[in-house]
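Let me begin by presenting the structure, written as structure tokens, before commenting on it.
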Amino acid sequence: LSGNTRNCFLTGNPDSYRSFISKGLRCLFNIPNTEVYKNAHHSSGTFCLQSSRLLEKKIASLQTSSVGQLPHHFCAWNIQIIRSFHTSPSFQAAPVPLFWIIVKPAQKLFAIILGRSIRKWWKALPPNKRELFKESARKNKWKILLGVSSLGVLFIVFYFTHLVETPITGRTRLLVFGKEHFKELSQLEYNMWMEEFKSKMLPETDARYQVVERVVGHLSESNKDIPQVSALKWVIHVVDEPGVNAFVLPNGEVFVFTGLLNAVSDIHQLSFILGHEIAHAVLEHAVKKASLVHFLDFLSLIFLTMIWAICPRDSLAVVGQWIQSKLQEFMFNRPYSRTLEAEADKVALQFAAKACVDVRASSVFWQQMELAEAIQGQPKFPEWLSTHPSHENRAEHLDRLIPEALKIRESCNCPSLSGPDPRLIFRLNMQHLLESSKDQETPNSTKQDLSKPKLDFPH
């Protein structure tokens, strides 16, 4: 955490640690000069050791375990701290039918040309004809108002006639595009990703692939009572990439980067993250996001035409168009993306609970991601600038949902959770590590005050 004194930590219960230690332990941040801290608090057991074996050796036992049973912990090595973790890349967040990808720029160009033509036509009119036009507009203002109102009513009717109920959550969402069209586009996108990653795909015999396959299989089997889960065939692809990332295409193709496998502390965190991505596909978020964006873009064409018609110069019109696009982005598109992410987190907890996963580990993952950014000194940007909730808000949101998820887990006759809460262990470890780091600070070994930046851990 400061200077050459680096610390690592794990979350879980003491029983899991004993099983974990026998295979060779790992820590979240595998950094040189790691100190081994034991018995930070008597109830916590041993929380931090540095791994010294390859991943295949550490999870070899998973290959011999039964298919239907989840291992207690998933081990990884050489953690790379990434600035931020977005489980849904922007390209996957809002795919649109291929036709509209081509037509969209043409629509904007047409609106710009139309608005600019109206402005030039108005400027070319003689003063007397302008006055006649204004007078005619005043006389027919009610007709003009009626026409504009009718257009507004058409948009409202279109919006409410295209609302559908979201699976599982029951929320109403705008649906403009057909699901079948998106399945075709998903296949095109799948072919693109396969071409890009064809030399980096792990074979099915790789232990890391088998872990992901077992987790996804267990999640889908535990939630097969949901039609949208059982209807899709979940196909696994593990990509040897350092990025902390995972995504699921609408057709059920699951892509997981090895960087994510390195970043999770245990199998429970991995199950929640993959459940989150599966939730995106099950809730049809790609279709709904594309529908809203397309609807807003169509409305914006009217404002775009008005901007180019009213602004006296092209330079001002360009500025006005930029302001309009940013207002749409930050007032509608990004807030909607954050809403979808929060909804996927909620459903992912339900999926994980029915699979008898320790759902309490879900919020710990995002606290770890926040810590990773704090260690690197990454600046904190306001949440409204992002398409995803902040790590801190995400962890707090999950903490509010965990009690309900634990009830679902109990109703599924899952084994009782033994050992202390991993959230408590995380807090105790962080307090101990901070205290230990302060005690070991020397003028020659540290250049950064631990209070800068301050690590804001939840209490």
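The values are calculated or read from the model by the stated rules, or taken from the named source; none is laboratory data. Remember, predicted model here, so these are calculated numbers, not experimental data. Glycine gets a Cβ as well: all are built from the backbone with ideal geometry, and neighbour counts include every protein chain shown. Ligands, DNA and RNA are stripped out before the accessible areas are found, and what is left, the full protein with its side chains, is counted by its heavy atoms. Shrake-Rupley method; radii C 1.70, N 1.55, O 1.52, S 1.80 Å.
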> Looking at L283, L304, which one is at pLDDT 90 or above, touching a Ser or Thr at 6+ places or on another chain (Cβ under 7 Å) and of a type outside the set (S, T, Y)?
Replying inline: L283
> Is at least one residue of segment 352-368 at negative phi and touching a Gly at 6+ places or on another chain (Cβ under 7 Å)?
Replying inline: yes
> Would you pick out the residues in segment 223-243 that are closer than 15 Å to S271 by Cα and either open to solvent by 30 Å² or more (accessible area, probe 1.4 Å) or in a loop (DSSP other than H, G, I, E, B) (or both)?
Replying inline: N223, W234
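Mind checking which residues of segment 358-415 are of a type in the set (K, R) and in contact with a Phe, Trp or Tyr (Cβ under 8 Å, 6 or more places away or on another chain)?
R394
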> Filtering segment 353-399 down to residues that are assigned to a loop (DSSP other than H, G, I, E, B) and of a type in the set (G, A, S), which residue is surrounded by the most Cβ atoms within 10 Å (Cβ to Cβ)?
Replying inline: A355
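Going by the structure shown, is R116 closer than 15 Å to A309 by Cβ and over 44 Å from the mean Cα position of the chain (by Cα)? Working first, answer last.
Working: closer than 15 Å to A309 by Cβ: yes; over 44 Å from the mean Cα position of the chain (by Cα): no.
No; evaluated as a whole, the condition is false for this residue.
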>> Which pairs turn up if I take residues in segment 299-321 that are open to solvent by less than 30 Å² (accessible area, probe 1.4 Å) and look for partners that are not in a helix (DSSP H, G or I) with beta carbon separation below 7 Å, at least 6 apart in sequence or on another chain?
In response: A317/C311; G320/C311
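Quick grid of which residues meet (1) among the acidic types (D, E); (2) in contact with a strand residue (DSSP E or B) (Cβ under 7 Å, 6 or more places away or on another chain); (3) surrounded by fewer than 16 Cβ atoms within 10 Å (Cβ to Cβ); (4) assigned to a helix (DSSP H, G or I):
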{"site": "L154", "(1), (2), (3), (4)": "no, no, yes, yes"}
{"site": "V157", "(1), (2), (3), (4)": "no, no, yes, yes"}
{"site": "F177", "(1), (2), (3), (4)": "no, no, no, no"}
{"site": "E184", "(1), (2), (3), (4)": "yes, no, yes, yes"}
{"site": "E189", "(1), (2), (3), (4)": "yes, no, no, yes"}
{"site": "M194", "(1), (2), (3), (4)": "no, no, yes, yes"}
> Considering segment 400-438 alone, what residues qualify as being out of contact with any Gly (no Cβ under 9 Å at 6 or more places or on another chain) and not in a helix (DSSP H, G or I)?
Replying inline: C412, N413, C414, P415, S416, L417, S418, D421
